[in-house]
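The values are calculated or read from the model by the stated rules, or taken from the named source; none is laboratory data. None of these values were measured; they are calculated from a predicted model. Here Cβ is always computed from backbone atoms with ideal geometry, including for glycine, and neighbour counts include all displayed protein chains. Only protein heavy atoms, including side chains, enter the accessible area calculation; ligands, DNA and RNA are left aside. Shrake-Rupley method; radii C 1.70, N 1.55, O 1.52, S 1.80 Å.
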Protein chains: 2
Amino acid sequence: MAQNNHKKYRNSKQRTKILEILKSTKDHPTAVRIYEQLRTEFPALSLGNVYRNLNILVEQGQISELRFGSTFDRYDGDIRPHYHFICEGCGSIEDLDIEHEDVLNKKVEENTNYKVNHHRLEFYGQCENCLQ
Amino acid sequence: MAQNNHKKYRNSKQRTKILEILKSTKDHPTAVRIYEQLRTEFPALSLGNVYRNLNILVEQGQISELRFGSTFDRYDGDIRPHYHFICEGCGSIEDLDIEHEDVLNKKVEENTNYKVNHHRLEFYGQCENCLQ
DNA sequence: TTGAGTGCAAACTATTTGCAACTGG
DNA sequence: CCAGTTGCAAATAGTTTGCACTCAA
């Protein structure tokens with residue numbers, strides 16, 4: 001996903017500030033929120049540029065990205081709770097046979113003041129075909 | 001997410017067939033793939049209708065949905081591997097303080113022929129504010 | 001001076017929706 | 001018959017990209 005085919009980076013006030021914002025908050029802001037926050041300082045800032053810089057920062061490994069968008073929803077006829085393996089080579093998604101750990105929800109509840117209803121666990125790597 | 005505000009459902013050949021397809025495969029097809037597969041049987045079928053029916057089936061609890069799309073990407077200045085809690089009430093995302101279980105990757109590798117690079121674990125529920 | 005960065009607008013992709021016609025119970 | 005379902009096309013929403021201009025090294 002985050003290849004290192006980008007060769008050289010220069011400094012830019014915008015990118016520096018985006019990184020600063022992300023390093024100084026425990027929020028997990030969206031691109032739009034970052035954009036809004038920066039508009040006061042850079043009135044001409046464009047949202048496209050925020051996206052560009054976020055991608056560069058991810059590429060550089062300086063931030064990480066929690067993807068909830070940009071790809072496909074997948075549908076599953078099996079409604080029992082189970083975990084998935086996602087191949088980063090071919091994109092295939094496989095059900096995993098390891099047991100569902102309901103106890104994890106409890107563990108989180110013990111450490112927080114949240115009510116936990118369910119969790120989602122996905123493993124990423126290469127499937128048999130893509131390993132060869 | 002999947003409220004039960006939908007009152008009554010009728011049968012439809014299209015929806016029945018979509019469910020059949022999902023129940024009979026271990027793939028995790030996208031809406032488009034299901035659409036393509038059904039086009040031979042229902043040449044006039046529209047993609048919009050596939051989406052509508054998939055949402056209804058999710059609403060009915062007959063299938064489940066692995067969301068990779070449809071919402072926002074979130075960015076995180078903390079690149080150490082850690083888990084997240086996502087509030088289903090207000091959408092806020094919090095870092096969790098429970099330890100990162102690298103051992104899970106090994107466990108999956110022992111049970112499969114896959115190479116596992118990393119995993120992602122998210123808990124869903126209500127945060128303190130939304131509980132009141 | 002030169003190629004990385006920028007703003008802008010248009011393009012793209014996945015998904016949703018309004019509408020008039022249709023159909024199953 | 002009537003509310004749920006459909007196809008179609010247009011609309012949305014988040015993200016990416018082409019282009020001409022700018023700026024940092």
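Brief remarks on what is shown
- Sorted from closest to farthest, the other copies place their A:Asp78 label points 3.2 nm away, with each point set 7 Å from Cα along Cα→Cβ.
- Degrees, to the nearest 10: A:13-23 long Cα axis against longest axis of chain A: 40 degrees
- Each other copy holds its own label point for B:Arg39; taking that point as 7 Å from Cα along Cα to Cβ, the gaps run 4.1 nm, nearest first.
- Working from the Cα coordinates of region A:29-92, the gyration tensor eigenvalues give, after taking √(5λ), semi-axes of 33, 14, 10 Å in decreasing order.
- Averaging the Cα positions of each part gives two centres, and for region B:75-104 and region A:14-87 these lie 14 Å apart.
- Accessible area buried by the pairing of A and B, both sides summed with a 1.4 Å probe, works out to roughly 6400 Å².
- Using alpha-carbon coordinates, inclination of helix B:47-59 to the longest axis of chain B, degrees: 60 degrees
- Cut-off of 10 Å, at most 16 other beta carbons, DSSP loop: longest stretch of chain B lacking such trypsin sites (Lys or Arg not before Pro): B:68-132
- Per-copy distances of the B:Gln60 label point, shortest first, in nm (7 angstrom along Cα→Cβ): 5.1
- Among A:Leu38, A:Thr25, A:Leu57 the positive-end extreme of the charge dipole of region A:13-76 (Cβ point charges): A:Leu38
- Residue-normalised accessible area of region B:22-132, expressed per residue, 1.4 Å probe, Å²: 54 Å²
- Chain B - mean residue ellipticity at 222 nm from DSSP helices (-39,500 (n - 2.57) per run, n ≥ 4, rounded to 500): -10000 deg cm²/dmol
- This model, with +1 at the C-beta of Lys and Arg and -1 at the C-beta of Asp and Glu, gives region A:13-76 a dipole about its Cα centre of some 220 debye.
- Sites A:Lys107 and A:Gln62 - FRET efficiency at Förster radius 35 Å, r taken between beta-carbons, to 0.05: 0.70
- Whether chain A is rounded, prolate or oblate, judged on the alpha carbon gyration tensor where a/c under 1.5 counts as rounded: oblate
- Whichever lysines have a C-alpha closer than 17 Å to that of A:Lys106, once near sequence neighbours (fewer than 8 apart) are set aside: A:Lys115
- Per-atom-type breakdown for the protein assembly as shown gives carbon and sulfur 47% of the accessible area (1.4 Å probe, protein chains only).
- Peptide B:121-130, shielding by other chains (average Cβ, 10 Å cutoff): 6
- GNM top mover of B:Gly77, B:Gly91, B:Gly61 - chain B, alpha-carbon springs below 10 Å: B:Gly77
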